[in-house]
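The values are calculated or read from the model by the stated rules, or taken from the named source; none is laboratory data. Note that the coordinates shown come from a computational prediction; the quantities given were computed from them, not determined experimentally. Cβ placement follows ideal geometry from the backbone for every residue including glycine, while neighbour counts extend to all protein chains displayed.
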């Protein structure tokens, strides 16, 4: 197992975006590093990669029922929240 980090593009605020992740992954944290938001994920690099859909929303924005909360970070004056789409 290893921890990988993935940049979150702020150009996609409010829109779905995709990240290729190993199928056997677990979110560790979301935070700013050098003024950019990142997602840290515990992965098995040997696992097959799958496409995961995410969305960043602001406080007070609507969240879809098929999304689950991953984490939040502060970027004053805003607080952003990362959600992942539930895949059935």
*Where residue 57 falls short, out of the listed (1) surrounded by 12 or more Cβ atoms within 10 Å (Cβ to Cβ); (2) assigned to a strand (DSSP E or B); (3) at pLDDT below 95*: (3)
_Residues of the range 7-25 that turn out to be under 12 Å from residue 52 (Cα atoms) and either in a strand (DSSP E or B) or within 12 Å of the chain's Cα centre (by Cα) (or both), as a count_ = 8
*Does the range 27-46 hold any residues that are free of Cβ contacts under 8 Å to residues at least 40 places away in the same chain, surrounded by 13 or more Cβ atoms within 10 Å (Cβ to Cβ) and over 24 Å from residue 76 (Cβ atoms), and which are they?*
41
